[in-house]
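A.B. asks: Input: one structure, supplied below.
The values are calculated or read from the model by the stated rules, or taken from the named source; none is laboratory data. Here the structure is a predicted model, which is why all the values come from computation and not from measurement. Note that each Cβ is placed from the backbone with ideal geometry, even for glycine, and that neighbours are counted across all protein chains shown. Side chains included, ligands, DNA and RNA excluded: accessible areas come from the protein's heavy atoms. Shrake-Rupley method; radii C 1.70, N 1.55, O 1.52, S 1.80 Å.
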Amino acid sequence: MNLLACLTAFTLGTILLLPPAWLVHRVLTHQAQIEDRVLLQQNMDRSLELIGRAIQGAGYQASTTQYPSIVSPITIQKGGSSRGSDSIVLIQDIPDKLGYDCMGNSLTLERTINQRVYQRFYLEPSRHDSRTQTLMCQSVDRQGRLHQGEILSNVQSLQIDWVRAQSLTHPPNISQAPTGLVAIMLRVQPHAGPNNPTRIIEQTRYISQRHTTHNP
């Protein structure tokens, strides 16, 4: 077989292999995008569960407490985060049974401020992507000092409001005063990539405060 025949065979082989190789690449890329989106949604669920658990525990008073009632167990800070997003501060007593803060630490007396459990959720600019933000959790360490950790990346916005439920057929209305029902809307941005429509993922949760001191 001469050189021309070899070149011709190589060219034909390349032409025949390119479409299947391109198809395999597209399938693998699409699969990776789906897996990334599913993982991001799972992380959103976990983050919202952490916030929800803290909201449900806010205002809790231990049966043996000698301290007065917590006046403001939930404080929603409108615009209190990066880029105008909201933040939320949650206060409670140490639970009678074993409990954990948003960073997975056991709630003990040494992890309190003025004998109260403190947690805060807020956004700050991402250190890796200037287009997105990071959902942060702030709590108290064993020395009674505030410390924080990242719980979700690629966040676009965090909106938190008191809401008042009207009926099963209508969405709750935003309230300026505490109602015992908190709405949290979290929006995240999947990783961008070739042929990847980076569609925003949005989730809204309604969480009822268990230990209320408000008058509906």
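A.B. asks: Looking at Gly80, Gly104 in this structure, which one is open to solvent by 40 Å² or more (accessible area, probe 1.4 Å), modelled with pLDDT of 85 or more and among the small types (Gly, Ala, Ser)?
C.D. replies: Exactly one residue qualifies, and that residue is Gly104.
Residue-wise test of (1) within 21 Å of Ile201 (Cα to Cα); (2) basic (Lys, Arg).
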position	(1), (2)
Gln61	no, no
Ser82	yes, no
Leu90	no, no
Ile94	no, no
Ser130	yes, no
Arg145	no, yes
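A.B. asks: Does at least one position in region 149-162 carry a residue that is of a type in the set (Asp, Glu) and open to solvent by 40 Å² or more (accessible area, probe 1.4 Å)?
C.D. replies: yes
A.B. asks: Here's a follow-up. Can Leu98 be described as open to solvent by 50 Å² or more (accessible area, probe 1.4 Å), of a type outside the set (Ser, Thr, Tyr), more than 30 Å from Arg199 (Cα to Cα) and modelled with pLDDT under 90?
C.D. replies: yes
A.B. asks: For residues in region 110-128 being closer than 19 Å to Ser69 by Cβ and among the hydrophobic types (A, V, I, L, M, F, W, C), which is least open to solvent (accessible area, probe 1.4 Å)?
C.D. replies: Val117
A.B. asks: May I pose another question? Can you list residue pairs whose Cβ atoms sit under 7 Å apart, with the first residue in region 117-131 being under 27 Å from Gly144 (Cα atoms) and the second being open to solvent by 50 Å² or more (accessible area, probe 1.4 Å) and not in a loop (DSSP other than H, G, I, E, B)? Count only pairs 6 or more apart in sequence or on different chains.
C.D. replies: The qualifying pairs are Ser126/Ser153.
A.B. asks: For Ser72, are the conditions met, namely being polar (S, T, N, Q) and within 16 Å of Gln156 (Cα to Cα)?
C.D. replies: Answer is no for this residue.
A.B. asks: Among the strands (runs of 3 or more DSSP E) contained in region 154-216, which hold 3 or more residues that are at pLDDT 90 or above and within 20 Å of the chain's Cα centre (by Cα)?
C.D. replies: Passing ranges, in order: 181-188, 201-208.
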